[in-house]
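Q: I have a structure I would like to understand better, so I am pasting it below and will then ask my questions one at a time.
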Amino acid sequence: MTNQNNKSALTTLVTVFFFWGFIAASNGVFIPFCKTYFNIDQFQSQLVDFAFYGAYYIGALLLFIMSGSIKKDIMNNWGYKNGIIYGLLLSAIGAFIMYPATAGAEQGQTGVFYFVLIAYFIVALGFSLQQTAANPFAIALGDPKTGSHRLNLAGGINSFGTTIGPIVVSLVIFGSASWSTDELASMIASNKINIVTVQTLYLGVGALFLVAAVLFYFSKKLPALKSDTVFEPANKARNLLIVLTLIIIGCFGYIFSTYSGNSNTTERVENIRLTYLFIALFAVIIAVFLANTKASKKPEGWGAMKYPQLVLGMLAIFMYVGVEVTIGSNLGELLKQNVENSGLNALGLPVLNDSQLGIYISLYWGGLMIGRWVGAITVFNPSKGIKKILLILVPYIAFAVILGANWIAGNTFSSNEILFFAICIAVQIFGFFLAKDQPVKTLKLFSLLGITGMLIGLFASGNVALFAFLSGGLFCSIMWPCIFTLSIAGLGKYTSQGSAFLIMMILGGAIIPPLQGKLADIFSIQSSYWIAVACFGYLLFYAYRTKTILDKQGVTY
């Protein structure tokens, strides 16, 4: 395949990366809309993330189990190109199902919300297939040594999708006007703003999925591509994951049952729900450490899980995705909750409504774009002097893109807000200079910065607290490649399987946001952000622990 064909194929491929970012970040706007429209609590609203990220886990797990049963890698048999096509078609089906699932739904019909979750689960199940195929596909489109460069490019496009997704979805649902809280409530109650707008949005998204599938199918410049990696069975790892899945399903199934027909929720019921959410969380943690202990004593049957850097890295990915998603997904409630009918939210700032949240959700996810653009600088191998200049310039250029995208949509930030976020970016830049592109050092520094940001948000108020929480996006931005690199270091022939296990742990985005939502229901939305502190705390532990493990193995990283 020629270099020109490679570029053309990569251009086609990165469209799916854009879709993932666009839909995932839009949850931040869609979640508070669902809460208002369907009259649900904060935990229930976070089930949007449960359906979305849970589908990633289920999809990856099913592929692993089915591949083990036939002793062949199913994705490899299909080829990466076909895997992406099947994923796009599945996502299109989910998007189109959204229409009949919500047909005739009116404000306050909580039961319809669960049909929305089913449709959303199918969309994300397709994403799971796409992501399983697209990452190795991007690496295979050229010299393996430059594979990370292509993934950085794809990640940059993904982050652009996360930045404009909340803006576009906010415009589609609420229009360009910024309604007052009372006006918005009145319009939703009178069905002037209704679920039809969401139906229209997902019909359009479904059509785009189909167009992308057609482009992939008929593009002769896109090779099928298959991996030469032999499938490695891991029966003990499979059995552990199945048991973990059953525990999680049991916990959430019980919680769902407490909502059916139960209009009078007592404090006891709420505490039981929270207990089961913690059981689901601790089941993941215990499963990881159990695998680590068992595999260290008798590695047969554990496959890639016999490597402690991978097993602990699985929990690191779980915590990373969980904290990244939960900060953004609960941000809407933080900004719109009227504390004691004072006209002020939990941070002491003026209360916002659903139609006004998109600008801040965009800024949070834009923070991830800023960090990923900075992370891509090394792709171009600049000199040390030029690199230092770019480390300062690129973040603010990316910030200008975020401001520009919002300005085009009619959203503007105050000069104080721009100054606050510019300071947060300066802190991030300082972190990049100190880390010097070293994954362990980067993970340590940005975990510490994440902990600091969340603690400031918890104990401060006003714009200081708001932008401390928003800075979470900046500090999360560079963590994925660091965790991934450290987790698969030294895995040899188990690298492919280890990567699949890491993708499964996107499950963190399904469990941690609902847990924070229930903490917000019982305590307060601001105090619920202690869960984010705990997640960053584990990432800091992982950075120290994995360095010790890899040094002991003599593995370079």
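Q: Using Cα pairs under 8 angstrom and six or more residues apart, how large is the relative contact order of region 389-465, in percent?
A: It rounds to 26 percent for region 389-465.
Q: What does the charge add up to near residue 436, with Lys and Arg as +1, Asp and Glu as -1, over the other residues with Cβ less than 14 Å from its Cβ?
A: +4
Q: For region 445-536, give the percent of accessible area contributed by carbon and sulfur heavy atoms, probe 1.4 Å, rounded to a whole number.
A: 71 percent
Q: With charges set only on the Cβ (+1 for Lys and Arg, -1 for Asp and Glu), what does the dipole of the chain come to about its Cα centre, in debye to the nearest 20?
A: 2160 debye
Q: Could you work out [θ]222 nm for the chain from helices alone, using -39500 (n - 2.57) per DSSP H run of at least four and dividing by all its residues? Round to the nearest 500 deg cm²/dmol.
A: After summing the helix terms and dividing by residue count, I get -26500 deg cm²/dmol.
Q: Taking θ as phi - 60°, what are the ³J(HN,Hα) couplings along region 31-48 by the Karplus curve (6.51, -1.76, 1.60), each to the nearest whole Hz, with x for Gly and Pro?
A: Couplings: 4, x, 5, 4, 4, 6, 5, 9, 6, 10, 8, 5, 4, 4, 4, 6, 5, 4 Hz.
Q: Measuring from label point to label point, each 7 Å out along Cα→Cβ, what is the residue 340 to residue 242 span in nm?
A: Going from the residue 340 label point to the residue 242 one covers 5.5 nm.
Q: Using θ = phi - 60° and the Karplus form 6.51 cos²θ - 1.76 cosθ + 1.60, what ³J(HN,Hα) does each residue of region 488-497 get, whole Hz, x for Gly and Pro?
A: With the stated coefficients, region 488-497 comes to 9, 4, x, 7, x, 5, 8, 4, 5, 5 Hz.
Q: Each label point is 7 Å from the Cα along the Cα-to-Cβ direction; what then is the distance between the points at residue 378 and residue 553, in nm?
A: 1.9 nm
Q: Taking θ as phi - 60°, what are the ³J(HN,Hα) couplings along region 505-513 by the Karplus curve (6.51, -1.76, 1.60), each to the nearest whole Hz, with x for Gly and Pro?
A: Each residue's phi maps through the Karplus curve to give 7, 4, 3, x, x, 8, 9, 5, x Hz.
Q: Taking 0.36 nm per residue of sequence separation and subtracting the Cα-Cα distance, how much length would be gained by fully extending the chain between residue 293 and residue 407, in nm to one decimal?
A: 35.7 nm
The values are calculated or read from the model by the stated rules, or taken from the named source; none is laboratory data. Predicted model only: the values in this text are computed from it and were never measured. Cβ atoms come from the backbone with ideal geometry, glycine included; neighbour counts cover every protein chain shown. Note: areas computed on protein heavy atoms with side chains; ligands, DNA, RNA excluded. Shrake-Rupley method; radii C 1.70, N 1.55, O 1.52, S 1.80 Å.
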